[in-house]
Amino acid sequence: MTDAADQPTAGHLIARLVDRGWTVAVAESLTGGMVVSSLVDIPGASAVVRGGIVAYATPLKSTLLGVDAALLTRQGAVDPLVAAQMAAGVRFATRIGDQPTDVGIATTGVAGPAEQDGHAVGTVFVAVETPSASRVVELALSGSRERIRAEATAAAVRVALELLS
């Protein structure tokens, strides 16, 4: 059994970003701001967190984050490529001057109570993009809506830490 102290946390991610001198921004759908909230709960987060965009409505994924509208029409919002484009898009949307944010994190999926676009409750995609790498992870979560959202938030932090290792 893994001890809770060994689990990656938002504090670990903030520390890693500070060490690298990198910034982070988050694009969220099903987590509704929980990921960026977990980051800004950490003292000193303002040194690295640029912000977050909650694009809960599917069209906002296109208009705010630059996700391909045809992809959204064809696949719906719960899709690995949508998650990847959200992570890339938030890096650009939160740029300062001509400097994009270094790390983009994105979440999209189905928290319930019903399936969406043919995807079962608990289907979640987490994406992370940096200047040198990107990763999309599919999760099959179970439990209540609150549990799915909390586990998706923790997974987003974990995937970001893994990509920055």
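In what sequence, highest mean first, do 138-148, 11-21, 86-96 appear when ranked by Cβ atoms within 10 angstrom?
Working: 138-148: 14.3, 11-21: 16.5, 86-96: 21.7.
For the peptides 138-148, 11-21, 86-96, the packing ranking is 86-96, 11-21, 138-148.
As a calculated quantity, the FRET efficiency between residue 133 and residue 15 at R0 = 22 Å, using C-beta atoms, amounts to about 0.70. Computed across region 2-121, the Kirkwood hydrodynamic radius from all distinct Cα-Cα pairs reaches 15.0 Å. Ligands, DNA and RNA left out, the accessible area of the chain computed with a 1.4 Å probe is 53% carbon and sulfur.
Packing order of peptides 23-29, 158-164, highest average first: 23-29, 158-164 (average count of other Cβ atoms within 10 Å over each peptide's residues). The convex hull defined by the C-alpha atoms of region 26-83 has an orientation-averaged projected area of 4.0 nm².
Based on Cα coordinates alone, diagonalise the gyration tensor for region 72-143, multiply each eigenvalue by 5, take square roots, and list the semi-axes in whole Å, largest first.
Working: eigenvalues 134, 28, 18 Å².
Sorted largest first and rounded, they come to 26, 12, 9 Å.
Dividing the helix sum by the residues of the chain, where each DSSP H run of 4 or more adds -39500 (n - 2.57), gives a mean residue ellipticity at 222 nm of -12000 deg cm²/dmol.
Compute the length gained on full extension between residue 40 and residue 63: take 0.36 nm times their separation in residues and subtract their Cα-Cα distance, giving the result in nm to one decimal. Walk me through the numbers on the way to the answer.
Numbers: separation 23, 0.36 × 23 = 8.28 nm, distance 2.52 nm.
Contour length minus the Cα-Cα distance gives 5.8 nm.
Can you give the extra length, in nm with one decimal, that the chain gains between residue 162 and residue 56 once fully stretched, where that is 0.36 nm per residue apart less the Cα-Cα distance? Please list the in-between numbers first.
Details: separation 106, 0.36 × 106 = 38.16 nm, distance 2.59 nm.
Between residue 162 and residue 56, full extension yields an extra 35.6 nm.
Summarising the strand pairing of region 6-165, around 60 percent of its internal DSSP beta bridges are antiparallel. Once the 1.4 Å probe is applied to the protein heavy atoms, the chain comes out at 47 Å² accessible per residue.
The values are calculated or read from the model by the stated rules, or taken from the named source; none is laboratory data. This one's a predicted model, so the numbers in the text were calculated from it and none came from an experiment. For neighbour counting, all protein chains shown are included, and Cβ atoms are generated from backbone atoms with ideal geometry for every residue, glycine included. SASA here: full protein model, heavy atoms, side chains in, ligands and nucleic acids out. Shrake-Rupley method; radii C 1.70, N 1.55, O 1.52, S 1.80 Å.
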